[in-house]
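One structure is given here, and the rest of the page talks about it.
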Amino acid sequence: MAGNITFTMIKPDAVKNGHIGAILAKINEAGFRIVAMKLTKLSPQKAGEFYAVHKERPFYGELVEFMSSGSIVAAILEKENAVEDFRTLIGATNPKEAAPGTIRALYATSIGENAVHGSDSDENAKIEGSFHFAVTEQF
Ligand code: ATP
Ligand code: MG
């Protein structure tokens, strides 16, 4: 059965470009409830840990540098079928391939600087949520 929790980050490009409010509005309109949320910044070490699964990929260095280049908004979101529905809402990794109206189609600049993160499984949603938030910060 699909879980009801996902984890997201509004990435440094979207924060710098002033899209926090618009992205949160899309998330709200799509029916997600905010369980936890904060404006924060990842150190290069923390960004490297978060994306450790991509360590061997050619873009890993670039990804870590980008994700630690500015502040982000981290959040845990709740909705039925959260992981899959949120990935539909954000669109494809490459904004050129993202469906019209999706968050990446609207606000991403490139495949590397693509505005938002969304968990890819229920298991990773739990791991990523607890990476950023203590239990006492989740409501
Ligand atoms: P995310 O995990 O951030 O939600 P995703 O699941 O759509 O994105 P992944 O394959 O997990 O995509 O890649 C993680 C991130 O690495 C991408 O969001 C993007 O920022 C970066 N990335 C992926 N592929 C490339 C690439 N070919 N060139 C540059 N950066 C890339
Ligand atoms: Mg991913």
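Rounded to the nearest 20 Debye, what is the dipole magnitude of segment 53-94 about its Cα centre when Lys and Arg each give +1 and Asp and Glu each give -1 at the C-beta?
100
Any idea which of A22, G129, M9 is furthest toward the positive side of the dipole for the chain, if Lys and Arg beta-carbons carry +1 and Asp and Glu beta-carbons -1?
Going by the charge dipole, the pick is A22.
Pick out, from A52, G118, L63, the residue whose Cα sits farthest towards the positive end of the charge dipole of the chain, with +1 on the Cβ of Lys and Arg and -1 on the Cβ of Asp and Glu.
L63
What list of ³J(HN,Hα) values in whole Hz, one per residue of segment 122-127 in order, does the Karplus curve 6.51 cos²θ - 1.76 cosθ + 1.60 (θ = phi - 60°) give from phi, with Gly and Pro shown as x?
4, 5, 5, 4, 5, 4
Suppose each label sits 7 Å from its Cα in the direction of the beta carbon; what would the A134-R57 distance come out to in nanometres?
3.2
Give the long-range amide H neighbours of V116: residues separated by 5 or more places, or on another chain, with amide H under 5 Å away, using H modelled in the peptide plane at 1.01 Å from N.
For V116, whose amide H was placed from the backbone, the distant partners under 5 Å are K11.
Among R87, R33, R104, whose mean-square fluctuation peaks in a Gaussian network model of the chain (Cα, cutoff 10 Å)?
R33
Size of the dipole of the chain about the Cα centre, Lys and Arg at +1 and Asp and Glu at -1 on the beta carbon, nothing else charged, in debye to 20?
Result for the chain is approximately 340 debye, rounded to the nearest 20.
Rounded if a/c is under 1.5, else prolate if a/b is larger than b/c, else oblate: which is segment 1-65, with a ≥ b ≥ c the root eigenvalues of its Cα gyration tensor?
oblate
Which of A108, A30, A98 ends up with the largest GNM mean-square fluctuation for the chain, with Cα atoms connected below 10 Å?
Greatest mean-square fluctuation among the candidates belongs to A30.
Could you give each residue of segment 14-31 its phi-based ³J(HN,Hα) in whole Hz, using Karplus coefficients 6.51, -1.76, 1.60 with θ = phi - 60°, and x for Gly or Pro?
With coefficients 6.51, -1.76 and 1.60, one gets 5, 5, 4, 7, x, 9, 4, x, 5, 5, 5, 5, 4, 5, 5, 4, 7, x Hz.
So what's Rg/Rh here for the chain, counting alpha carbon atoms and using the Kirkwood radius for Rh?
Ratio value, two decimals: 0.93.
Only the coordinates and a few stated rules stand behind these numbers; no lab work does. All of these numbers come straight from a predicted model, not from anything done at the bench. For neighbour counting, all protein chains shown are included, and Cβ atoms are generated from backbone atoms with ideal geometry for every residue, glycine included.
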